[in-house]
Amino acid sequence: MSRDKTMTADQVVARLASGMTVGIGGWGSRRKPMALVRALLRSPVTDLTVVAYGGPDIGLLAAAGRIRKLVTAFATLDSIPLEPHVRAARQRGAFELVELDEAMLMWGLTAAVHRLPFLPVRAGPGSDVMTVNPWLRTVRSPYPDGEELAAVPALRLDAALVHLNRADRHGNGQYLGPDPYFDDLFCAAATEAYVSCERLVPTAGLLAAGGPQTLLVPRHTVSGVVEAPRGAHFTSCAPDYGRDEAFQRAYARAAADPSDWRAFADRFLAGDEDAYQAAVEAFTERHGRH
């Protein structure tokens, strides 16, 4: 019988350390492990290299000054094109940025999964991604075609944080929405991976909910699992809930002014996860769900 890997979000963060390379799953403002990110904000962990298809996860970490180096393809809130905290942090030179093509990021994770030093890809050559990242190298095909390809280095992770719809106590994770968002690659590329989920269910319940094709993350790649209802808020976690657009707009407005942001952080981020969810419920009662 596989062991029980259930943990709390704070127990997950206690296993992280300053200076680590941390991958964060999800995509933009979709199915981000926000409860784990909020727990990370409550900790002293800093000086992180963060690998992500960025959204408010890296926005919150950037606002708190926790990022030393960011490896990403974008930083967006989807319905709001640019993540405001990431933009502001980048403009003031708060961290080193490695901006890759979306496919290059995927293949960097894939190289790490297969324990390869790099993978050759067509994305990159002929674009400015090679100009803004002069350390990137190319390789030439040894076959008659002789094609020159970008050599994308493996994106090895010390830890990965992802959020899924369902999981069991052994670490098997299931997505029920329209896209896996490469969460399986983040977990397999990491030395340790931590899955938060909307609901813990018996293993048999995973098969009943969506069938074997939805079992995205296998237990052998997972070190811990956290039950975190609405743990992706304010990002979407389809089909359980959509993005909280009203709250996201308030987040983006607050980010534009330091005093407004301090008030926002005091209201929503000063306490634990229960306090956050209670503050969000009060916000929703006043502003409605959108």
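What the table shows:
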{"item": "When the convex hull of its Cα atoms is projected in every direction, mean area for the chain (nm²)", "result": "16.0 nm²"}
{"item": "Label-to-label distance, nm, for residues given as Leu116 and Asp274 (7 Å Cα→Cβ offset)", "result": "4.9 nm"}
{"item": "Antiparallel bridge percentage (DSSP; both residues within the range 34-150; nearest 5)", "result": "30 percent"}
{"item": "Residue list for the range 94-108, given a label point 7 angstrom along the Cα-to-Cβ vector of Asp128 and an amide N cut-off under 14 Å", "result": "99-101"}
{"item": "Per-peptide average of other Cβ atoms within 10 Å, ordering 78-84, 157-163, 184-190 highest first", "result": "157-163, 184-190, 78-84"}
{"item": "Cα→Cβ-extended label distance, 7 Å offset, between Gln11 and Ala246, nm", "result": "3.6 nm"}
{"item": "Rotationally averaged projected area of the range 212-268 (alpha carbon convex hull; nm²)", "result": "6.0 nm²"}
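FYI, it's all coordinate maths here, none of it is from the lab. Everything numeric in this text was worked out from a predicted model, so none of it was measured. No Cβ is skipped: glycine too gets one built from the backbone with ideal geometry, and neighbour counts run over all protein chains shown.
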